[in-house]
Amino acid sequence: MAYKRQIDRLPIPPKDAKVHNVTCHYCIVGCGYKAYTWPRTKQGTLKDNAFGIDLSEQQGADGTWVAPSMYNVVKQDGEDVHLVVVPDKDCVVNSGLTSIRGARMAENRPSQVTGTQQQRLTDPMVWRNGTWQPTSWEDALDLVARVTARVITQGSEDDLVVSMFDHGGSAGGYENTWGTGKLYFQSMKVKNARIHNRPAYNSEVHSTRDMGVGELNYAYKDYEITDTIFMVGANSMETQTNLFLNHMRKGLENGARMVIVDPRRTLTVHTAEEIAGKENVLHLAIKPGSDMALFNAILTHIVDQGWTDKDFIEASTYRDGEAVAMDSAHPAGLGSLEYAMETCRTSPEEAAEICGVDAADIIKAAEWIAKPKEDGSRRKCVTCYEKGIIWGNDNYRTVGALVNVALATGNIGREGGGCCRLGGHQEGYYRPSDAHVGRPATYIDQLLIRGGGKVHHVWACDHYKTTLNAAEFKRVHRRRANIVKDAMDASATGTREQQVEAIVAAVNAGGLFVVDMDIIHSQIGQNAHVILPAAESNEMNLTSMNGERRLRLSEKYMDPPGQAMPDCLIAAGIARHMERVLREMGHDEYADKFKGYDWKTEEDAFMDGYHQGNPDVTYDRLRAMGNNGVQEPVVGYEGGKLVGTERLYADGKFDRHGREDKKALFCAAGWRGWQAPGKAQEQKSFRFWINNVRANIFWQNQFLDQENDFIQDRFPYPFVEMHPDDMAELSLNPGDLIEIHNENGATQGMAYPTDTAKRGQVAMVFGSPAGSQGNVVNPGVNELVLPDYKHTWGDIRKLADATPRAKAVSFKSKEYKG
Amino acid sequence: MKCKKLVDVGRRQFLRGGALAAAGAAAATVTPGQAKAAPAMAQVDYPSNRLANIADLKVNEPMDIEYPDADSPGVLLKLGQEVEGGVGPDGDIVAFSVLCPHKGYGLSYNGEDRTLNCPGHFSRFDVEAGGQQVWGHATQNLPQFTLRVDDKGDIYAEGCTDLIFGRPSNVL
Ligand code: SF4
Ligand code: FES
């Protein structure tokens, strides 16, 4: 039976409820919301309320409505208050729309009253007597500092491995990336670092940056005024929901066409067809990993037909052959269009062979993207891409080949243009230089597997769910952490000093001391010796920018749970304790490096970091800009308003590569089949391609939904979309529990029959706490240590009949059938 | 709705229910020593509205209904096979709100795969699985009306499982 909330009435916010600006922190789109809070004992009435409307009347479509998921009771300055979080109609990002994620912001707040998010960490915890025991910040930070200081002074900072998020939204943001960045890249120079979703400290889009093109260069409204949307390896209807519904949809309704490159028929394909008509949507269902050949053929056709933007190429791109030679830091040469064409030239027929689509469709795509209109005017095209190629085959060259098309057609920096990644979280990166990390960066998860590193600081990263070769990683990480746990148990009755001695001896004998900063007790957190509770958006002020570089201050309106605090203040606490301990140890000079963390609030961290680089921007000014904020970069402050930048490169000058000449470069993206080691062999050896995909229902916040009844009721186990005939051959019924296995490991999911799936291709939801897809992904990475999570092959076997929970689930098509 | 059919609703029954409640309140006021207004009940009082008779229903043909009042459209369905939450001799009769719990657009019934679909932003709900959202933007499953069938075969709605779009209380 479907989950019923059994709620038939909600409290009404009174007219004098406090109102706070909130940017939804779940995804890159950053929709605007308003949070209303008011005292527990007060309420508004049907006629007299904070919304200023007559609630005794049935509201029409798009009317104001508080869904039960938008309500909670939370702590504000120590008092229980009512909370309602509703979408902001005046925010240009979402115009009042919600998604299945953002509309649950209120119910995903921790509440002792309603019992939501009781999984949140509330106290610092230290491994004692065989379990995690709550303690004070002072006690926990003292242990972290003592062990860390001892290890890095005995050895070097290379013995400290740091996994740290680099994003905005969620618990990220400029405050928190600065806090950790200052600690590890300024006070220390840690080079063994990695980012939350990949095993190294690197960009996911090196090539576009090397070409001079920052990856977020447009405005969302470009989708509304373009002629063609060219989407690659992305499924925005599910994953950038209100970007699709509020901007791409308007473009399609205004007559734009859409070209979608994806091996799978996604809901975005289906929905675009519903909106624009099948004749205006071209879905190129290419063979997995063949994107680059397709882009090269499109580029070749455009060049050969003379549809390039010659003035733009002349004025804004490098014209003199090779500019950057291929080397270990550059997996392809970069230079002029003609230079790139020497390697990119691919006929539609050759590409058709490689990609498994019709040559005529490749030509059609080129026409929709670049063929001048009947009246001779140029066609506008906005290009967008995400994990399908970022986590795909030959990351560097494939992304480069796509940016080539946008550059050749002059579609960057212009209205109705842009060539952008769509993104996952919001952005919020402000750190000291990471140049010391090097390029290619160290493959951290392999370093840990090989026994490297002695202390591991983990900032809201769960390698268990977001690494490749995850099965082996988990085995080794657990074993190494257990060496330290055993040592701590054995020295439990000793003094702090004796305990530190025991830990250091254990890490010198192959153990790993793990400190985990997170909002919940994560899976990798099971290996931690110290766990530090963090606050997140809504419980702290947080600044981030969305996928069109729109910077907002999302305001704090509630207390963090228990002793939890913002990551930036945790980092400051670690720094202060490091300074004290190093001084005690007699390392005065080293200790001095940990000065400069006397922050009391997240705003102090913001002023110390982001504000230094962007002196016009302060909390007060951002607050005044409300939910529409300002698009970065901020270029001034006039008439009480921050002045931003609608789209980058409007002047035709490209600078992301740092070149003096400000000329964009083309990428010599020569096709070479599978780039990451082991992929070709695996493809030959196993029956099914295991595509990993996202679902709107728990994209980006799946860890928060582990105990959410509404979500778990829909998908009690990670779904694996399969063609019904493949299921029949394996004697599978809908909802049966299945195991996907190959030489790397195994993972578990629930079979979901899907008519539109191709035979031999299944699509498993990624990042599930209940079934880690990374278990079956081989350790092979693309150059520059970019994981190719998308390409994994395995066999499938039945584990068990559908459980009663799975039997209650709907297995109907997810496609709208109006 | 694809299938338009006039309903024997209950505006009359609804008014009668309201009138009864008012009479109760009036009676209370004349009781000596009870001059204060009656306290609000902890639970919303739903009207009991006759929606139709089983004989009016054809398998897989949706019937338009309104519940708990005329501003809240819904659908009554006989599915032909037992479903969880279904009433009647065959355990196959269900009723749902047709205001999408995302932004309140009207859902339409697809008899082929027995789902309610929203033209607003393409959410869909499975009427054979208790109104579970198959895919969509709503943060709850479809409000389902609690039904009772009497021995004459009259079908009454008497409650609702979830908050109906566009109102702070299911009974306004
Ligand atoms: S689309 Fe993204 S930002 Fe907008 S409400 Fe949904 S999760 Fe939040
Ligand atoms: S109103 Fe139904 S999907 Fe938005």
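Data overview
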{"read-out": "Test for A:P87: is it away from chain B (no Cβ under 13 Å) and touching a Leu at 6+ places or on another chain (Cβ under 7 Å)", "value": "no"}
{"read-out": "Of all residues in the range A:59-88 being open to solvent by 40 Å² or more (accessible area, probe 1.4 Å) and free of Cβ contacts under 8 Å to residues at least 12 places away in the same chain, the one that is nearest to ligand 1 (Cβ to nearest atom)", "value": "A:A61"}
{"read-out": "Residues that are surrounded by fewer than 21 Cβ atoms within 10 Å (Cβ to Cβ), of a type outside the set (D, E, K, R) and within 14 Å of chain B (Cβ to nearest Cβ), drawn from the range A:778-810", "value": "A:A802, A:P804, A:A808"}
{"read-out": "Residue check, A:G102 within 11 Å of ligand 1 (Cβ to nearest atom) and either in contact (Cβ under 8 Å) with a residue 40 or more places away in the chain or open to solvent by less than 10 Å² (accessible area, probe 1.4 Å) (or both)", "value": "yes"}
{"read-out": "Members of the range A:334-353 found to be of a type outside the set (D, E) and either touching a Gly at 6+ places or on another chain (Cβ under 9 Å) or on the phi > 0 side of the Ramachandran plot (or both), listed by number", "value": "A:L334, A:G335, A:S336, A:Y339, A:A340, A:T343, A:C344"}
{"read-out": "Which listed residue, of A:T37, A:T41, is surrounded by fewer than 24 Cβ atoms within 10 Å (Cβ to Cβ), more than 12 Å from chain B (Cβ to nearest Cβ) and free of Cβ contacts under 8 Å to residues at least 12 places away in the same chain", "value": "A:T41"}
{"read-out": "Strands (runs of 3 or more DSSP E) within the range A:1-120 that include 1 or more residues away from ligand 2 (no atom under 16 Å from the Cβ), more than 23 Å from A:I520 (Cβ to Cβ) and modelled with pLDDT of 95 or more", "value": "A:18-23, A:32-39, A:79-87"}
{"read-out": "Lone qualifier among A:I7, A:I53 - being hydrophobic (A, V, I, L, M, F, W, C) and surrounded by fewer than 14 Cβ atoms within 10 Å (Cβ to Cβ)", "value": "A:I53"}
{"read-out": "A:D801 being under 17 Å from A:Q681 (Cα atoms) and more than 28 Å from the chain's Cα centre (by Cα)", "value": "no"}
{"read-out": "Residue in the range A:434-456 that is in contact with a Cys (Cβ under 9 Å, 6 or more places away or on another chain) and open to solvent by 10 Å² or more (accessible area, probe 1.4 Å) present", "value": "no"}
{"read-out": "Strands (runs of 3 or more DSSP E) (entirely within the range B:94-146) containing at least 1 residues that are in contact with an Asp or Glu (Cβ under 6 Å, 6 or more places away or on another chain) and within 8 Å of chain A (Cβ to nearest Cβ)", "value": "B:115-117, B:132-135"}
{"read-out": "Candidates A:A668, A:A680, filtered to the one that is among the small types (G, A, S), at pLDDT 95 or above and farther than 30 Å from A:R475 by Cβ", "value": "A:A668"}
{"read-out": "Matching residues, the range A:671-696, being open to solvent by 10 Å² or more (accessible area, probe 1.4 Å) and within 14 Å of another protein chain (Cβ to nearest Cβ)", "value": "A:R694"}
{"read-out": "Total residues in the range B:147-172, condition more than 7 Å from every other protein chain (Cβ to nearest Cβ) and among the hydrophobic types (A, V, I, L, M, F, W, C)", "value": "6"}
{"read-out": "Single residue of B:V30, B:V44, B:V87 found to be open to solvent by less than 60 Å² (accessible area, probe 1.4 Å), at pLDDT below 95, over 30 Å from A:T271 (Cβ atoms) and away from ligand 1 (no atom under 16 Å from the Cβ)", "value": "B:V44"}
{"read-out": "Any chance A:A728 is small (G, A, S) and outside any loop (DSSP other than H, G, I, E, B)", "value": "yes"}
{"read-out": "Yes/no for A:L704 being over 30 Å from A:I100 (Cβ atoms) and crowded, with 22+ Cβ neighbours inside 10 Å", "value": "no"}
{"read-out": "Residue in the range B:146-155 that is away from ligand 1 (no atom under 16 Å from the Cβ), open to solvent by 10 Å² or more (accessible area, probe 1.4 Å), closer than 21 Å to B:V87 by Cα and polar (S, T, N, Q) present", "value": "yes"}
{"read-out": "Qualifying residue in the range A:425-446 (condition: farther than 23 Å from A:M188 by Cβ and assigned to a loop (DSSP other than H, G, I, E, B))", "value": "yes"}
{"read-out": "Filtered residues of the range A:250-262 (kept if part of a helix (DSSP H, G or I) and surrounded by 22 or more Cβ atoms within 10 Å (Cβ to Cβ))", "value": "A:G251, A:L252"}
{"read-out": "Condition met for A:Q186 (open to solvent by 10 Å² or more (accessible area, probe 1.4 Å) and in contact with a helix residue (DSSP H, G or I) (Cβ under 9 Å, 6 or more places away or on another chain))", "value": "no"}
{"read-out": "Test: residue in the range A:14-28 that is farther than 30 Å from A:A808 by Cβ, polar (S, T, N, Q) and away from chain B (no Cβ under 13 Å)", "value": "yes"}
{"read-out": "Top-ranked residue of the range A:228-244 - restricted to ones that are farther than 23 Å from A:A763 by Cα and either open to solvent by 10 Å² or more (accessible area, probe 1.4 Å) or of a type in the set (S, T, N, Q) (or both), ranked as nearest to ligand 2 (Cβ to nearest atom)", "value": "A:N242"}
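Table: residues versus (1) touching a helix residue (DSSP H, G or I) at 6+ places or on another chain (Cβ under 6 Å); (2) within 14 Å of chain B (Cβ to nearest Cβ).
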site: A:N108; (1), (2): yes, yes
site: A:D123; (1), (2): no, no
site: A:V126; (1), (2): yes, no
site: A:N129; (1), (2): no, no
site: A:W132; (1), (2): no, no
site: A:T135; (1), (2): no, no
site: A:E138; (1), (2): no, no
site: A:Q154; (1), (2): no, no
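A quick yes/no check of all residues on (1) surrounded by fewer than 24 Cβ atoms within 10 Å (Cβ to Cβ); (2) within 14 Å of A:K182 (Cα to Cα):
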{"site": "A:N546", "(1), (2)": "no, no"}
{"site": "A:L551", "(1), (2)": "no, no"}
{"site": "A:S554", "(1), (2)": "no, no"}
{"site": "A:I574", "(1), (2)": "no, yes"}
{"site": "A:E589", "(1), (2)": "yes, no"}
{"site": "A:T601", "(1), (2)": "yes, no"}
{"site": "A:R621", "(1), (2)": "yes, no"}
{"site": "A:G626", "(1), (2)": "yes, no"}
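The values are calculated or read from the model by the stated rules, or taken from the named source; none is laboratory data. Predicted model only: the values in this text are computed from it and were never measured. Note that each Cβ is placed from the backbone with ideal geometry, even for glycine, and that neighbours are counted across all protein chains shown. SASA here: full protein model, heavy atoms, side chains in, ligands and nucleic acids out. Shrake-Rupley method; radii C 1.70, N 1.55, O 1.52, S 1.80 Å.
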